[in-house]
Amino acid sequence: MTDTEKIVIKTKEYILKLHSEGYSTHQHIVNSLKNGIDYFVGRKDGLDTIKNEILTTCLTEFNERTKVYDKVGHLKMVDTIKTNFITFVSELNVNDLPEVLPISFERRLTNEEFKILESSLKDKFDFGSWKDENYYWEPLSKTKTQNPFVYFDDDLFKSEENKFRGDRILLLTDENINYEVETSSFGFDWIECAYCNFETDWLIYISHEGTITFSGQKFLTEIKNKLPEIMANKNPWD
């Protein structure tokens, strides 16, 4: 683990701890810092460079997403979080850090990466990635996808063990903040999201209505072979 990776990890740990200590508005404010730090994975720049880049990127996200607040109490919260974050990052010193352990891989996709991904999903699945107002996916919104799909009540899958192969998959969220994540992080805690692989030959859509949709011929065949009892409950709204 490089020194700059240690700086990134300790900064992310700070943000995640700060997020866990508050509720609602506080968490929303802190989330903007996380949106920034998630760009930083495997960087090898000098320590001062990486700290300056972290502050610039995180505070750009922070300032953009907190400009909606105008109440005195919220403004004080914003200022306190910002000031403490700047102090924490500025004072980070690798020589003074306790043992730094790796954390789950999570990298935010750049806008350029997402545009390529979005184009591929639109072409293969007619998936619009929440680009248009009220645009969701099957079965909540009918599409022109030519790929076969099945959908279920997501309660059927919450007790299922994660059986994804490979190290990484892609996660798309309805906030248009998208990630490359470890397959082990796949879950149902997002209100509205989608997962796919790098080749975009399968797609999983999890809706705010408690449905989960699977698409991609090879993927469906694998589900049918491994989870035949669940396939018996497919397409409950048909």
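Every number here is computed from the coordinates shown, using simple stated rules; none is lab data. A quick note: this is a predicted structure, and the numbers were derived from the prediction, not measured. Cβ sites come from the backbone with ideal geometry, for glycine too, and all protein chains shown count toward neighbours.
Miscellaneous remarks
- Of the residues Leu170, Ser184, Leu33, the one whose Cα sits farthest towards the positive end of the charge dipole of the chain is Leu33 (charges of +1 on Lys and Arg Cβ, -1 on Asp and Glu Cβ, taken about the Cα centre).
- Nearest-0.05 FRET efficiency for His26 and Phe105, computed from C-beta distance (R0 25 Å): 0.40
- Our estimate of slack between Lys76 and Ser119, defined as 0.36 nm per intervening residue step minus the Cα-Cα distance, is 11.3 nm.
- Calculated on alpha-carbon atoms, Rg and Dmax of the stretch 42-161 in Å: 21.2, 57
- The chain: radius of gyration and largest Cα-Cα distance (Dmax), Å: 20.1, 61
- Using the Karplus relation 6.51 cos²θ - 1.76 cosθ + 1.60 with θ = phi - 60°, the per-residue 3J(HN,Hα) values for the stretch 2-15 come to 6, 4, 5, 5, 5, 4, 4, 4, 5, 5, 5, 4, 4, 5 Hz, with x marking Gly and Pro.
- Rounded tilt (10° steps) of 72-91 against the dominant C-alpha axis of the chain: 70 degrees
- Mean projection area, nm², convex hull over Cα of the stretch 30-74: 3.5 nm²
- Ordering Leu117, Pro102, Ser215 by Cα displacement along the dipole of the chain toward the positive end leaves Leu117 in first place; charges were set at the Cβ atoms of Lys, Arg (+1) and Asp, Glu (-1).
- Equivalent ellipsoid semi-axes - Cα gyration tensor, the stretch 3-96, angstrom: 24, 12, 11
- Here the extension length gained between Asp126 and Thr87 equals 9.5 nm, from 0.36 nm per residue of separation less the Cα-Cα distance.
- Here Glu199 and Asp96 are evaluated by their C-beta separation; at R0 = 35 Å the FRET efficiency comes out at 0.20.
- For the stretch 106-231, the percent of C-alpha pairs falling in each 10 Å distance bin, counted from 0 to the bin holding the largest distance, reads 12, 48, 35, 4, 0.
- Relative to the current alpha-carbon distance between Asn52 and Thr221, full extension at 0.36 nm per residue lengthens the span by 56.0 nm.
- Remark: the stretch 1-64 carries a charge dipole of roughly 160 debye about the Cα centre, counting +1 on each Lys and Arg Cβ and -1 on each Asp and Glu Cβ.
- Of the peptides 92-101, 15-24, the order by per-residue mean of other Cβ atoms within 10 Å, starting with the highest, comes out as 15-24, 92-101.
- Selection from Cys58, Leu18, Tyr136 lying farthest towards where the dipole of the chain points positive, charges on Cβ: Cys58
- The stretch 1-26 versus the stretch 97-143: alpha-carbon centroid distance in Å: 23 Å
- Cα-centred dipole magnitude for the chain, charges only on beta-carbon of K, R (+1) and D, E (-1), debye, nearest 20: 140 debye
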